[in-house]
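Reading through the structure tokens given below for one structure.
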Amino acid sequence: MIEIEAVSRAFGGVYANRDVSLAVADGELRGVIGPNGAGKSTLFSLVSGHLRPQAGRIVLDGERIDRLPPHRRAQRGVAIVFQGARVFPGMSVLANVAVGATARTRAGATSAALRLPRHRREEREIFAAARGALARVGLSAWADRDAEQLPLGQQRRLQLARALTARPRLLLLDEPASGLRAAERRELTDLIRELHADGMTIMLIEHDVAMVTSLADRITVLDLGEVIADGTPAEIRRDPRVISAYLGTDAAA
Ligand SMILES: Nc1ncnc2c1ncn2[C@@H]1O[C@H](COP(=O)(O)OP(=O)(O)O)[C@@H](O)[C@H]1O
Ligand SMILES: [Mg+2]
């Protein structure tokens, strides 16, 4: 479904991604791991359109997307939950989720300002989609709460709901479980597993190797901006380069 072909991106002469290639199949859950600074978040921004590659191609469902702006990629079904994403303060849970959906509608800001009929219809559709997504992540009962007041685990599920309102074909999750308590982490893991079981294609960056191993069909390992391994969780666990570059340091930490 998504093919990343020899993609490179440098910052100030240092490669954050260098010649990165990987392909994710329809319905696959792909784990992406690697030490801090390996280029994982950069890779996701290249796919979502928040960064442009300096070389290489990104193909979604046979169509090249690497020159499209983020909202055009969102319309084609790419959704991202950024690392450390925050909720919008002073807004309800439902409004937080709906705001995420507004960006990809056709009507846009002008008709929103004029409150044209098309805008009002889209607004109803957006809130219906937002309520559906909140139900999907188990937050319906919290829809009218102040989003900022939610515990972190529920704020993360809110972020997931915001991404789900777009009914994405490809969901990019950048360390969604970081900073969560064990019970919250388990809930989020179960939710991601359910989305995968429903057939959604997911790429998951996760620091917790046990979590990603339990969820992923395949894992790609990045180190210093390059892919150093790509395989099933079992293959990754016994790969000598992975053990020395990543699992070794992780075990020692
Ligand atoms: N916007 C940016 N400007 C400059 N350097 C960046 C930027 N984004 C990432 N980098 C650098 O690229 C490298 C990879 O970063 P990142 O993709 O965030 O890694 P990871 O998510 O694996 O921790 C790091 O050295 C980081 O400092
Ligand atoms: Mg990162």
Worksheet item: Can you name the number of the only condition in (1) in a loop (DSSP other than H, G, I, E, B); (2) away from ligand 2 (no atom under 16 Å from the Cβ); (3) at pLDDT 85 or above that P176 fails?
Response: (2)
Practice prompt. Give the number of residues within the stretch 211-226 that are charged (D, E, K, R) and modelled with pLDDT under 95.
Written response: 1
Worksheet item: Taking into account only those residues within the stretch 234-248 that are crowded, with 17+ Cβ neighbours inside 10 Å and in a helix (DSSP H, G or I), which is modelled with the highest pLDDT?
Response: I236
Practice prompt. Could you tell me which numbered condition R52 fails, if it satisfies all but one of (1) part of a helix (DSSP H, G or I); (2) more than 9 Å from ligand 1 (Cβ to nearest atom)?
Written response: (1)
Discussion item. Looking at the structure I just gave you, is I80 free of Cβ contacts under 8 Å to residues at least 40 places away in the same chain and either more than 16 Å from ligand 2 (Cβ to nearest atom) or not acidic (D, E) (or both)?
Written reply: no
Item to complete: Filter the stretch 1-12 down to residues that are assigned to a strand (DSSP E or B) and more than 11 Å from ligand 1 (Cβ to nearest atom) and give me whichever is nearest to Q54 (Cα to Cα).
Response: S8
Discussion item. So in the stretch 13-49, with the set limited to residues that are within 15 Å of ligand 1 (Cβ to nearest atom) and surrounded by fewer than 18 Cβ atoms within 10 Å (Cβ to Cβ), which one is farthest from I219 (Cα to Cα)?
Written reply: G13
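Give the residue that is surrounded by the fewest Cβ atoms within 10 Å (Cβ to Cβ), with candidates limited to residues of the stretch 143-184 that are charged (D, E, K, R) and either within 16 Å of ligand 1 (Cβ to nearest atom) or over 17 Å from the mean Cα position of the chain (by Cα) (or both).
Among residues in the stretch 143-184 that are charged (D, E, K, R) and either within 16 Å of ligand 1 (Cβ to nearest atom) or over 17 Å from the mean Cα position of the chain (by Cα) (or both), the one surrounded by the fewest Cβ atoms within 10 Å (Cβ to Cβ) is D144.
The values are calculated or read from the model by the stated rules, or taken from the named source; none is laboratory data. Given the structure is predicted, the values throughout are model-derived calculations rather than measurements. Reconstructed Cβ throughout: ideal geometry from the backbone, glycine too, with neighbour counts over all protein chains shown.
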